[in-house]
Amino acid sequence: MIARRLAPFALLLSAAAPAQQQSLPTEQPVVAEPVAAEVHPALWKVADADTTIYLFGTIHLLPEGLDWFRGPLAEAFARSDELVTEIPEVDAQTSQAVLLKRGILPAGQSLRDQFDPGQRALFERTLASYELPLNAFDRFKPWYAAVVLATLPLQRKGYSLAHGVETDLAARNTALARPRIGLETLDYQLGLFDSFPATVQRRYLFEVIAALPDLDKDVTEMVAAWRAGDAAKLANLMNAEEDDPAMIEALLTNRNRDWAKWIAARLARPGTVFLAVGAGHLGGKGSVQDQLDQLGVKSERVQ
């Protein structure tokens with residue numbers, strides 16, 4: 001099921017919609033138990049005579065208490081001159097404007113009116129199970145409803161953007177007064193889902209709904225592989241049940257290819273860069289490393 005494959009991407013997009021999330025019920029999350037196992041997520045580097053670019057795969061939502069920022073990873077970050085993430089820092093006003101552009105249905109349309117009676121009943125049962133009003137997503141396109149719904153089981157388990165890797169890295173980078181740039185814009189990222197036909201968006205929404213009962217278990221398993229630095233297992237988990245090659249190409253493979261070109265071009269300028277993107281982009285067939293290899297640029301695992 002593609003919902004499992006795209007969960008991390010959807011969780012990233014959910015960060016771009018603070019206004020909708022503020023309307024969700026504020027229940028006390030179940031705090032994840034402390035993790036005793038050592039945390040050492042994977043880190044790679046690409047280098048030439050005067051340039052080093054570290055490649056770090058992130059998890060956008062994490063439970064509190066994972067001590068991942070240490071060892072070679074922390075040393076690499078300290079040595080870097082700039083932070084590169086998928087998108088640059090975006091203020092709430094800009095996020096809201098992009099959401100209105102990409103996520104809102106045309107005037108006079110309602111999301112629930114797009115469903116057949118069976119789909120509408122299932123959708124409304126799902127909202128009720130999370131204590132959401134039945135009209136919570138009426139103004140929104142299907143992709144956006146899917147993105148927000150995908151976060152709900154994780155929030156109940158104590159996963160939060162506040163504990164996510166990007167939030168931590170951004171705070172550390174700001175404290176060091178170092179530049180941060182983005183490989184893409186927020187409008188581009190939200191536009192990826194918005195560009196899919198309504199039929200594809202609705203299918204994705206109901207795949208997410210079907211996956212909700214096990215989504216927290218799936219993501220917890222992915223996080224465990226990330227913590228252990230098991231990039232192969234993580235890639236396998238995230239590639240499980242892939243069933244829409246066109247969607248994967250648009251959301252992952254094409255972007256990996258573009259990012260690899262950016263990395264190859266960046267090697268022409270001296271300096272040290274810490275590049276942090278979703279872990280799903282740095283593992284498996286078509287990964288950023290695969291795309292770099294096709295460009296004749298070798299990557300080396302350093303953690």
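The values are calculated or read from the model by the stated rules, or taken from the named source; none is laboratory data. If you're wondering where the values come from, they're calculated on a predicted model, not measured in any experiment. Note: ideal-geometry Cβ built from the backbone for every residue, glycine included; neighbour counts use all protein chains shown.
Details
- Here segment 89-105 is the region considered, the condition is being farther than 28 Å from Phe56 by Cα and among the polar types (S, T, N, Q), and the residue that is surrounded by the most Cβ atoms within 10 Å (Cβ to Cβ) is Gln96.
- Filtered residue count, segment 192-229, keeping only those that are outside any helix (DSSP H, G or I) and without any contact (Cβ under 8 Å) to a residue 12 or more places away in the chain: 1
- Segment 69-88 - residue that is surrounded by 14 or more Cβ atoms within 10 Å (Cβ to Cβ) and part of a loop (DSSP other than H, G, I, E, B) and, of those, farthest from the chain's Cα centre (by Cα): Ser80
- Residue check, Leu66 part of a loop (DSSP other than H, G, I, E, B), of a type in the set (A, V, I, L, M) and within 22 Å of Leu152 (Cα to Cα): yes
- Among residues of segment 267-280, those that are outside any strand (DSSP E or B) and touching a strand residue (DSSP E or B) at 6+ places or on another chain (Cβ under 6 Å), counted: 3
- For first residues located in segment 141-156 and touching a residue at least 24 places away in the same chain (Cβ under 8 Å), partners that are of a type in the set (Asp, Glu) and part of a helix (DSSP H, G or I) and lie 6+ apart or on another chain with Cβ distances below 6 Å form the pairs Pro153/Asp216; Leu154/Asp216.
- In segment 82-111, the residues that are modelled with pLDDT of 90 or more reach residues that are of a type in the set (S, T, N, Q) and not in a loop (DSSP other than H, G, I, E, B) with C-beta atoms within less than 6 angstrom, at least six apart or across chains, in these pairs: Leu83/Asn173.
- Test result for Arg125, of a type in the set (Lys, Arg) and touching a residue at least 12 places away in the same chain (Cβ under 8 Å): no
- Scanning segment 41-81 for residues that are in contact (Cβ under 8 Å) with a residue 40 or more places away in the chain, of a type in the set (A, V, I, L, M) and within 22 Å of Leu267 (Cα to Cα) turns up Ala42, Leu43, Val46, Ala47, Ile53, Leu55, Leu73, Ala76.
For every residue, the table says whether it meets (1) aromatic (Phe, Trp, Tyr); (2) under 22 Å from Leu186 (Cα atoms); (3) surrounded by 15 or more Cβ atoms within 10 Å (Cβ to Cβ).
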{"residue": "Ala107", "(1), (2), (3)": "no, no, no"}
{"residue": "Gly118", "(1), (2), (3)": "no, no, no"}
{"residue": "Tyr130", "(1), (2), (3)": "yes, no, yes"}
{"residue": "Pro133", "(1), (2), (3)": "no, no, no"}
{"residue": "Ala136", "(1), (2), (3)": "no, no, yes"}
{"residue": "Leu161", "(1), (2), (3)": "no, yes, yes"}
{"residue": "Glu166", "(1), (2), (3)": "no, yes, yes"}
{"residue": "Ala170", "(1), (2), (3)": "no, yes, yes"}
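- Test: residue in segment 27-38 that is out of contact with any His (no Cβ under 9 Å at 6 or more places or on another chain) and modelled with pLDDT of 95 or more: no
- Check on Ala78, among the hydrophobic types (A, V, I, L, M, F, W, C) and either modelled with pLDDT of 95 or more or closer than 15 Å to Val165 by Cα (or both): yes
- Among the criteria (1) farther than 21 Å from Phe193 by Cα; (2) in a helix (DSSP H, G or I), the one Leu100 does not fulfil is (1).
- Meets criteria (closer than 16 Å to Leu55 by Cα and modelled with pLDDT under 85) for Ala235: yes
- Trp262, sole failed condition from (1) under 20 Å from the mean Cα position of the chain (by Cα); (2) at pLDDT 95 or above; (3) among the hydrophobic types (A, V, I, L, M, F, W, C); (4) crowded, with 21+ Cβ neighbours inside 10 Å: (4)
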